[in-house]
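Heads up: the structure comes next, in structure tokens.
The values are calculated or read from the model by the stated rules, or taken from the named source; none is laboratory data. This one's a predicted model, so the numbers in the text were calculated from it and none came from an experiment. So basically every Cβ, Gly included, is an ideal-geometry build from the backbone, and we count neighbours across all protein chains shown. Accessible surface is based on the protein model in full, side chains and every heavy atom, while ligands, DNA and RNA are left aside. Shrake-Rupley method; radii C 1.70, N 1.55, O 1.52, S 1.80 Å.
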Amino acid sequence: RADVLSNHMGLFLQKTNIIRDYLEDINEEPAPRMFWPREIWGEYGSSLDDFKQLANRRAAVQCLNHLVCDALRHLPHCIKFMQGLRNRDVFRFCAIPQIMAIGTLARCYNNGAVFEGAVKLRRGLTARIFDECDGLGELYCWFAEFLQALQEKALLQVHKTDPTREVMLDLVSSNLQHCEFELEKIKAKQPRRLPAQQRMLDVMLLLLTGAWFYRAWELGSSSSGSGSMAGVWGLLDGAG
């Protein structure tokens with residue numbers, strides 16, 4: 001079972017790299033490297049090399065979108081694998097490349113720039129991923145962010161005639177629901193936290209209460225016997 005899941009992890013990363021590196025591979029000297037599968041690109045053209053031409057951009061982008069959909073099929077298995085990791089360093093070693101992969105797919109999806117040059121995540125975003133990925137909660141948050149980006153593209157940028165548009169929307173919806181469900185489970189296990197303003201108000205009230213009792217004790221200690229209690233009750237009467 002673990003071998004099957006880890007194989008999905010590897011395929012997810014490898015397919016992402018192959019999608020992203022189309023132009024670099026096709027321009028390789030002395031001979032092009034053609035890693036895009038014929039069973040997919042053959043539906044959109046007669047030659048993989050033709051996708052470089054601007055005249056074929058519509059078909060090229062549709063093929064690209066098909067490949068992104070195919071890669072996303074591995075995502076649920078990747079999540080399942082990482083849910084079983086207990087060592088923090090091992091988790092980060094596995095999770096960070098997966099987050100960067102889905103982020104790269106979100107950038108590549110419906111993006112004709114893939115056929116003009118390298119499409120990569122910004123360095124600042126990559127640094128944030130390295131810094132903030134520390135557990136399953138962060139993993140789900142990052143996945144949800146990039147899934148929402150894919151969803152927005154499919155809804156607003158991809159034409160309804162795109163052959164895999166509905167497939168993408170279904171894939172995104174199911175994976176997004178799963179990530180949000182797992183996030184809610186994590187939040188339910190965490191102790192309830194008050195909003196920052198409420199916490200500040202509680203601290204202020206605590207300090208004021210402490211100051212009041214200190215003042216009451218100070219007044220009481222300056223007198224003796226019943227006079228001491230009179231001082232305290234007098235302070236209470238004044239408060240009323």
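Data overview
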{"read-out": "For region 56-112: accessible area per residue (Å², 1.4 Å)", "value": "37 Å²"}
{"read-out": "Theoretical gain in end-to-end length, Glu24 to Arg86 [0.36 nm per residue, Cα-Cα removed]", "value": "18.6 nm"}
{"read-out": "Farthest positive-ward along region 1-157 dipole, Cα basis, beta-carbon charges - from Leu23, Ala144, Asn56", "value": "Ala144"}
{"read-out": "Reach of Lys160 by Cα under 27 Å, taken over lysines that are not fewer than 8 positions away in the same chain", "value": "Lys15, Lys52, Lys120"}
{"read-out": "Accessible area of Lys187 in the full protein assembly, 1.4 Å probe (Å², nearest 10)", "value": "120 Å²"}
{"read-out": "Protein accessible area in region 1-78, 1.4 Å probe - carbon and sulfur %", "value": "50 percent"}
{"read-out": "Probe 1.4 Å, accessible area per residue of region 129-175, Å²", "value": "50 Å²"}
{"read-out": "Heavy-atom SASA rank of Lys52, Lys160, Lys185 (probe 1.4 Å, accessible area, largest first)", "value": "Lys160, Lys185, Lys52"}
{"read-out": "Estimated distance in nm for a label pair at Gln53 and Arg122, the labels positioned 7 Å out from Cα along Cα-to-Cβ", "value": "3.6 nm"}
{"read-out": "³J(HN,Hα) computed for each position of region 150-166 - Karplus, 6.51 cos²θ - 1.76 cosθ + 1.60, integer Hz, glycine/proline x", "value": "5, 4, 4, 4, 4, 6, 9, 10, 7, 5, 5, 7, 4, x, 10, 4, 5"}
{"read-out": "Estimated FRET transfer efficiency (Leu11, Ala188; beta-carbon r; R0 22 Å; 0.05)", "value": "0.10"}
